[in-house]
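This report refers to the structure that appears directly beneath it.
The values are calculated or read from the model by the stated rules, or taken from the named source; none is laboratory data. Just so it is clear, the model here is predicted, and its values are computed rather than measured. FYI the Cβ positions are ideal-geometry reconstructions off the backbone, even for glycines, and counts take in every protein chain you see.
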Amino acid sequence: MITKQWRRGMKVDGFTKRTETKQRAILDAAKSLMGEKQSRFTISELARSASVSPVSIYNYFGSKEQVVLQVLTRLTEDEMGWIEERIGEHIPFEELLIEILRRKIESAALFDDAVLSIVTADPSWQQLAARGYAVFRSLIEYGKTTGAIDPDVSTDAYLRYVRLMQQAVLSDPDFTSHEMTETMQEYFHFFLHGIMRRSR
């Protein structure tokens, strides 16, 4: 016999599932729009793309800025999980770094100056960045263990190097999002090969 309490539970579960489905659709649509036009999309465009009402977007996220943050947060968390999985699979270190660079370049297409401003102004992003450094620490330890990078250089020194690069980009008033891809490629070159020209 189906009780009223069971029916109420089913209704709650169904409502929760529909809510989660709509939220995922909004974030997926926002990521797609950001890939095309970064921050230059409207709530109306997002609503059409996600097949939801603008009211739903405001109810779930409050603002377009929060949608942008949630897209980047989900992307970053997925990226951290992916790196940890690849380390567990013992992917060669340099191969892994190259794949990380490829994925970072793809995600760089989501950024413009407005997106950078949203990220740097949000305190929760700093907490996420701290978690990212923990994953990067694991990556460095993996590289040292496999002999791919110099084990005599401390892990903290590698991390400071990465932080300095990030701070240099975010604090540079002349830096624009158009330089993101080229800058990332150059920094990865420094990381892999240093600045000294190798003899041929």
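Structure values in brief
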item: First in segment 78-103 and within 21 Å of Gly147 (Cβ to Cβ) and assigned to a helix (DSSP H, G or I), second anywhere and of a type outside the set (A, V, I, L, M, F, W, C) and modelled with pLDDT of 90 or more, Cβ under 7 Å, 6 or more apart; result: Glu84/Ser138; Ile87/Ser138; Ile87/Tyr142; Phe93/Tyr142; Phe93/Gly143; Phe93/Thr146; Leu96/Arg86
item: Residues of segment 104-122 classified as part of a helix (DSSP H, G or I), acidic (Asp, Glu) and touching a residue at least 24 places away in the same chain (Cβ under 8 Å), total; result: 1
item: Residue check for Met10: at pLDDT below 90 and either surrounded by 15 or more Cβ atoms within 10 Å (Cβ to Cβ) or outside any helix (DSSP H, G or I) (or both); result: no
item: Count of residues meeting criterion [under 17 Å from Arg137 (Cβ atoms) and either of a type in the set (A, V, I, L, M, F, W, C) or under 14 Å from the mean Cα position of the chain (by Cα) (or both)] in segment 63-120; result: 12
item: Test: residue in segment 119-126 that is among the acidic types (Asp, Glu), over 18 Å from Ile100 (Cα atoms) and exposed (fewer than 13 other Cβ atoms within 10 Å of the Cβ); result: no
item: Scan of segment 40-77 for residues that are in contact with a Ser or Thr (Cβ under 7 Å, 6 or more places away or on another chain) and either surrounded by fewer than 16 Cβ atoms within 10 Å (Cβ to Cβ) or in contact (Cβ under 8 Å) with a residue 60 or more places away in the chain (or both), ordered by number; result: Pro54
